[in-house]
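Please read the structure below before turning to the comments.
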Amino acid sequence: MLDPRAKTLLKTLIERYIADGQPVGSRTLSRHSGLDLSPATIRNVMSDLEELGLIISPHTSAGRVPTPRGYRLFVDTLLTVQPLQQTQAAVIQGKLQADEPQRVLSTAASLLSNLSHFAGVVMTPRRESLFRQVEFLRLSERRVLLIIVTPDGDVQNRILTADRDYTPSQLVEASNYLNLHFAGLDFEAIRTRLQSELATLRDDINTLMQQALEASNRALNEEAEPVVISGERNLFGVADLSDNMDRLRQLFDLFDHKAGLVQLLDASSRAQGVQIFIGGESALVPMDQLSVVVAPYESDGKIVGTLGVIGPTRMAYERVIPIVDITARLVSSALSQHG
């Protein structure tokens with residue numbers, strides 16, 4: 001689509017704009033592009049790039065700035081990614097030691113934020129609604145403590161208010177039945193099987209089991225925060241994002257409601273390697289001035305979530321991409337060791 005001269009000038013313009021944040025004029029391009037071109041030739045090429053929708057002239061400025069389409073072409077075909085320095089890679093590796101999974105993920109979010117100076121985000125793995133073991137303990141008349149042990153050893157407690165008093169032996173009978181027949185199944189499968197087995201179970205025990213399933217399902221799902229975010233305040237200091245009240249409001253909404261973030265991160269979990277979503281080209285990214293650099297991470301060879309950096313479109317992609325890439329690899333390694 002572009003000849004080598006136009007590509008060099010576009011690449012130079014975007015690199016200068018990312019570095020300085022100012023519209024880039026012909027004189028700057030002449031100085032930094034390494035091309036021996038007259039100002040008139042540079043202006044003609046700029047005019048062509050503008051017609052293609054790759055750059056625009058903001059307001060009355062003589063210089064130009066990239067559009068989301070220009071950034072996309074730059075990221076896909078012109079970008080030279082800088083390998084991560086050994087010291088940075090060592091810092092990430094040192095902090096992401098195999099530990100409890102939730103701590104690995106929150107550490108990853110803060111590392112992504114600290115290294116990029118923008119917001120780090122991690123979509124946590126969907127917790128499977130399974131239990132390894134349940135136990136009922138009678139607390140008082142009509143109050144029963146439900147203890148749920150997950151497959152990875154996590155313990156949750158919930159208090160059930162029963163519609164009648166149960167003897168300790170009835171509670172043991174109910175927990176034995178659930179553990180024997182349903183341990184390791186998800187709650188939807190258990191519910192289906194219970195429906196067909198109702199006839200063989202006494203009504204009193206059956207009611208308790210239904211309550212236990214509902215409480216267990218809620219307990220295992222409400223504990224997990226779907227997205228861990230670190231450093232969102234960094235973005236409120238970025239002029240491109242904070243110099244306009246509407247943009248600020250959109251930014252607050254993005255971090256406050258999280259549903260859109262989950263959708264974006266979920267969409268990117270189905271792809272391999274680092275992906276870049278540039279604002280204005282996708283309904284998933286709510287603002288023209290925002291970009292998201294993400295990569296999926298694994299546990300034991302299976303993709304379980306995504307992580308990345310949210311920052312301004314005017315970010316140093318060549319620096320952020322390797323940070324996201326190596327963090328995803330090291331999180332995968334830490335989670336797989338833990339497993």
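The values are calculated or read from the model by the stated rules, or taken from the named source; none is laboratory data. All values derive from a computational prediction rather than experimental measurement. Here the Cβ is made from the backbone with ideal geometry for all residues, glycine too, and neighbour counts use every protein chain on show. When the accessible area is computed, the model is the full protein with side chains, heavy atoms only, and any ligands, DNA or RNA have been set aside. Shrake-Rupley method; radii C 1.70, N 1.55, O 1.52, S 1.80 Å.
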When you count, for each residue, the other Cβ atoms within 10 Å and take the mean per peptide, how do 326-334, 209-217, 134-142 rank with the highest first?
326-334, 209-217, 134-142
Rounded accessible area per residue of the chain, 1.4 Å, Å²:
50
Of the accessible area of the chain, with the probe set at 1.4 angstrom, what percent is carbon plus sulfur?
48
Which sequence of 257, 59 reflects their accessible areas, 1.4 Å probe, from the largest down?
59, 257
Could you tell me the ratio Rg/Rh of the stretch 207-339? Both radii from Cα atoms, Rh via Kirkwood.
1.06
Relative to the longest principal axis of the chain, what angle (0 to 90°, nearest 10) does the C-alpha long axis of helix 317-338 take?
20
Dividing the Cα radius of gyration by the Kirkwood radius, what Rg/Rh value follows for the stretch 267-321?
1.01
Taking the chain as the reference, fit the longest principal axis to its C-alpha atoms, fit the long axis of helix 4-20 to the helix C-alpha atoms, and give the angle between the two in degrees, 0 to 90, nearest 10.
70
For the stretch 146-186, list log₁₀ I(q)/I(0) at each q in 0.25, 0.34 Å⁻¹, using the Debye formula over Cα point scatterers of equal strength and ignoring solvent, two decimals each.
-1.05, -1.17
Between the Cα axis of helix 86-95 and the main Cα principal axis of the chain, the angle (0 to 90°, nearest 10) is 20
Restricting things to Cα coordinates, could you compute the convex hull volume per residue of the stretch 75-156 in Å³?
165
Is there a quick way to get the dipole size of the stretch 12-110? I mean about its Cα centre, with the Cβ of Lys and Arg at +1 and of Asp and Glu at -1; what is the value in debye to the nearest 20?
180
Listed residues 1, 315 arranged by accessible area, highest first, probe 1.4 Å:
1, 315
Burial ranking of peptide ranges 43-56, 291-304, 157-170 (average Cβ count within 10 Å, highest at the top)
291-304, 43-56, 157-170
Using 7 Å Cα-to-Cβ label points, what is the residue 140/residue 91 separation (nm, one decimal)?
5.5
What is the set of long-range amide H partners of residue 162 at a cut-off below 5 Å, with H atoms built 1.01 Å from backbone N?
143, 144
Just the C-alpha atoms of the chain: what Rg/Rh do they give, with Rh taken as the Kirkwood radius?
1.16
For a quick protection proxy, order the peptides 143-151, 103-111 by their average other-Cβ count within 10 Å, most packed first.
103-111, 143-151
